[in-house]
Amino acid sequence: MEYFGTIRAPREIVFGSGQRKTLGAIAAKLGRRALIVTDVRLAGDLDFLVMLEELQAAGLILRVESGTLPDVPVQSAIIAADAARGFSPDLVIAVGGGSCLDMAKCVALLISHGGRPQDYYGELKVPGPILPLIAVPTTAGTGSEVTPVAVLSDAERSLKVGISSPHLIPTVAICDPDLTLTCPPGLTAIAGADALTHAIEAFTATRRPVTTGLTQERVFIGKNAISDRFALTAISLLWKGLEASYINGADATARAQVMQGATFAGLAFGVAGTAAAHAIQYPVGALTHTAHGQGVACLMPWVMEWNRPAIGPELEQIASAIGVGTADEVIPAIAALFARIGIPPTLAALGLAEDRIAWVAEQSCGIERLIQNNPRALSRADMHLLLTAAFKGDASLIN
């Protein structure tokens, strides 16, 4: 069954410099009343205002929802959906970073099917198609423009939560790397490191036994032949472009490599899923209030070290993709790249208190959909050991 695989993707992906100019023509084929979801900063951006003019020139009636907040608080999505219902949109367009794209998915879902976001937490809870959605990312990281996931923050749960359904995959993704040219170095690093983590976790995820029902019973089916191609290409692209775009944001080639890498990583993990680094980051992020990409990247080398006995062939392929000599050089090389772009090397440097390690271990193990996707099993005791190593910066504790 080595040729088994699947991919779920937008109906159309348009990638390239200047391709945001296609938005009007594409939108006019999908609807007439467009709800534009963005944030306050982008709402005044020149490129955004030009996109609005082009949409109007294409005959669309617009309503702008610029209330997107970082990490998409659940209540903000409810408020935005309630406010937009009177407009009766037949199309949603998301312009912005991952939070804007996730907000748009959630708003389109609530307008289409009603209820509250809480009704759809988990996998395969969305009952049917949502409003057509065009995603125009302005950062290169989450891959939300091609994924079946919307991540929100729920104050009642003190953790981020996810809605996962193929119905959330945007209808069209327009990926124009020119929109990332003004992204500051810190955000470039965090977003790009998030994308690299997506690609690595998708490529090294567990390989589940193949059944005829696997692709229909799960959103995330684990490592497979098709997602592997996207993941490995993403790793190569991000390795080439991430540090270069961090150093020189005007490097158009590097920006294109990173954005395409982030999109390919989204296509990969959108079916393969992520694993332990993402499971651990949910409670770590809740405690440290650090950016998601910063946390998963901090954790990634330590999780890879734990997984090393189970991912030997994958490490060899990654070594070839990034141009290092042997599989043993991969994890140190990735840790060094993250260090060069400002990612904290340990959980202590990230701001986690040592006395919270046990709580993080318990919470992480409770996120079973991600832990079960990890290529090497993690018991509660194993998780505590892994977290202690990541806190102290001591890989010998794992080995």
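The values are calculated or read from the model by the stated rules, or taken from the named source; none is laboratory data. For clarity, every value in this text was computed on a predicted model and none was experimentally measured. Cβ atoms come from the backbone with ideal geometry, glycine included; neighbour counts cover every protein chain shown. Heavy atoms of the whole protein, side chains included, go into the accessibility calculation; ligands, DNA and RNA do not. Shrake-Rupley method; radii C 1.70, N 1.55, O 1.52, S 1.80 Å.
What the table shows:
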| read-out | value |
| --- | --- |
| Normalised contact order of the range 26-105, rounded percent, pairs of Cα under 8 Å and 6 or more residues apart | 46 |
| Largest to smallest accessible area among L378, L347 [probe 1.4 Å] | L378, L347 |
| Value at 222 nm in deg cm²/dmol, rounded to 500, when DSSP H runs of n ≥ 4 in the chain each add -39,500 (n - 2.57) | -15500 deg cm²/dmol |
| Accessible area (Å², 1.4 Å probe, nearest 10) - R33 | 80 |
| Exposure of R116 as accessible area (Å², to 10), given a probe of 1.4 Å and all protein chains | 120 |
| Alpha-carbon centroids, the range 160-229 and the range 55-77: separation in whole Å | 23 |
| Charge dipole magnitude, Cβ of K and R +1, D and E -1 - the chain, Cα centre, debye nearest 20 | 700 |
| Total charge dipole magnitude, the range 170-316, about the Cα centre, Cβ charges on Lys, Arg, Asp, Glu only, Debye to nearest 20 | 320 |
| Spatially near lysine pairs across the chain, Cα under 24 Å, sequence gap of 8 or more or different chains | 8 |
| By accessible area with a 1.4 Å probe, ligands and nucleic acids excluded, highest first: order of R11, R20, R218 | R11, R218, R20 |
| Solvent exposure ordering (accessible area, 1.4 Å, most first) of W359, W306 | W359, W306 |
| Computed accessible area, E354, all protein chains, 1.4 angstrom probe, square angstrom | 100 |
| Percentage relative contact order, the chain, counting C-alpha pairs under 8 Å, at least six apart | 16 |
| Carbon/sulfur fraction of accessible area - the range 283-399, other protein chains in place, 1.4 Å, % | 51 |
| Correct choice for semi-axes √(5λ) of the Cα gyration tensor in Å that was computed from the model, options (i) 33, 22, 20; (ii) 41, 25, 17; (iii) 33, 26, 20 | (i) |
| Per-residue ³J(HN,Hα) for the range 23-35, Karplus 6.51 cos²θ - 1.76 cosθ + 1.60, θ = phi - 60°, Hz, x for Gly and Pro | 4, x, 5, 5, 4, 5, 7, 10, x, 10, 10, 9, 8 |
| Electrostatic dipole magnitude of the range 243-399 [Cβ: Lys, Arg +1; Asp, Glu -1; Cα centre; debye, to 20] | 260 |
| For the range 214-299, accessible area per residue (1.4 Å probe, heavy atoms of protein chains only), Å² | 29 |
| ³J(HN,Hα), Karplus 6.51/-1.76/1.60, whole Hz, each residue of the range 138-144, x for Gly, Pro | 10, 10, 10, x, 5, x, 4 |
